[in-house]
Amino acid sequence: MYDIIIIGSGAGGATMAYRLADSGKKILIVERGDYVPVEKENWDSVEVFEKNRYTTTDLWLDKHDKPFRPGMHYNVGGNTKFYGAALFRLREEDFKEIKHYGGVSPAWPIQYQDLKEYYLEAEKLFHVHGKRSSDPTEPFDSEPYPNPPLPHEARIQEVVDELFNYGWHPFNLPIGVNFKPHETANAPYTLDRFDGFPDAAERKGDAHLCSLTKALEYSNVELMVNTKVLRLNTNEDGSKITEIVVEQNGETKTLTSDLVILSAGAINSAALLLESKSEKFPNGLANSSDQVGRNYMFHQNTALVALYTETQSYEIWKNIRN
């Protein structure tokens, strides 16, 4: 019997565990995967992107029932072990009603100001580097980022200067990185092989290193790895989730808790709610609207690649790194 069970150890679950750790409550964090191994393949482009060394081998079905292997990571720290640690705040208008070409996105029940103080706290927790107000679209905050912006590579600095000369407004991304993750860490650093790779140097501002490890310092907090949650069970009147059914090492068991926090990511949280059917909830939990699992939007990214024929900037940057 637990006071609190948190499903998922990614950005949401790990940070929630960190926030609740000093409450004295008996807390269990359930993680489907294991720790990402620290190995030379962490920074091997072929292993990470071509061989998909760290993505799940599970198969999903597309809308034509054709199986495919999703780019999902099941591990301690969730997808933050593989993200680029660019930590933007949502903009004030994101919380308001927005009219898109395909329809209307309704306003949130909360506004940006309700989260402002927590954004600042999270930026400190995740060691965010940046320059406040350099991004003309970001909300105003009188407090600076916890750390100064990261320096550009030599050639990128030239591009930035040229863009400024054209009247454009390039800015430093707010990046979460801890250059001294350990007391003895004083070696020269580089952020090469950062975005998309697990960071063997443990400098990336991920949920595992920034939140979960701190939560696990408390004796009342426990982490259960390699444990897949199969369904959620409610009390008799369906007003509260009281149990989770899990599979661990081929064994199925039921865990009880006063409070269950579901933070398994946008896709798997919805899937788990839909799987949790019962006589009272034939379409799954929290799905009276029939909208759970619908309207999912994936990130749309554009990459610009340019070839630079001059060698001077490369030589300068190579010397800096060495």
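Read-outs throughout are calculated quantities, based only on the coordinates presented, and are distinct from any laboratory measurement. Please read all numbers here as calculations on a predicted model, not as lab measurements. Here the Cβ positions follow ideal geometry from the backbone for every residue, glycine too, while neighbour counts run over all protein chains shown.
The Cα center of segment 126-151 and the Cα center of segment 215-289 differ in position by 37 Å. Look at [x] 1.12; [y] 0.92; [z] 0.98: the one that is Rg/Rh (Cα atoms, Kirkwood Rh) derived from this structure is [z].
Computed from backbone phi with θ = phi - 60° and the Karplus coefficients 6.51, -1.76 and 1.60, the 3J(HN,Hα) list for segment 16-21 is 5, 4, 4, 5, 9, 4 Hz; x is used for glycine and proline. Counted without the sites themselves, the longest stretch of the chain free of GluC sites (Glu not before Pro) in a DSSP loop having at most 15 other beta carbon atoms within 10 Å is 98-182. Against the main long axis of the alpha-carbon atoms of the chain, helix 312-321 sits at an angle near 60°. All Cα-Cα separations within segment 39-132 were binned at 5 Å from zero, giving a P(r) of 2, 10, 12, 13, 12, 16, 16, 13, 6, 1, each value a whole percent of the pairs. Along segment 114-123 the Karplus relation, 6.51 cos²θ - 1.76 cosθ + 1.60 evaluated at θ = phi - 60°, assigns HN-Hα couplings of 5, 10, 3, 5, 6, 4, 5, 5, 5, 4 Hz to successive residues, with x for each Gly and Pro. Applying the Karplus relation 6.51 cos²θ - 1.76 cosθ + 1.60 with θ = phi - 60° to segment 234-240 yields 3J(HN,Hα) values of 10, 6, 4, 8, x, 8, 7 Hz, where x marks Gly and Pro.
Rg to Rh ratio, segment 87-196, alpha-carbon atoms and Kirkwood radius?
Working: Rg = 17.2 Å, Rh = 16.6 Å.
Looking at segment 87-196, the ratio lands at 1.04.
The alpha-carbon of LYS40 sits under 21 angstrom from the alpha-carbons of these lysines, leaving out residues fewer than 8 places away in its chain: LYS51, LYS81, LYS180, LYS204.
In this structure, the amide hydrogen of LYS26, modeled 1.01 Å from its nitrogen in the peptide plane, lies closer than 5 angstrom to those of ASP3, ILE4, counting only residues at least 5 positions away or on a different chain. Computed about the Cα centre, the dipole magnitude for the chain is approximately 300 debye when only Lys and Arg (+1) and Asp and Glu (-1) carry charge, each at its Cβ. Rounding to the nearest 10 and keeping the result within 0 to 90°, find how far the Cα-based axis of helix 266-275 lies from the longest principal axis of the chain. Helix 266-275 sits at roughly 10 degrees to that axis. Under 5 Å from the amide H of ASN147 lie the amide H atoms of GLY130, each residue being 5 or more positions distant or on a separate chain, with H modelled from the backbone and absent for Pro and chain starts.
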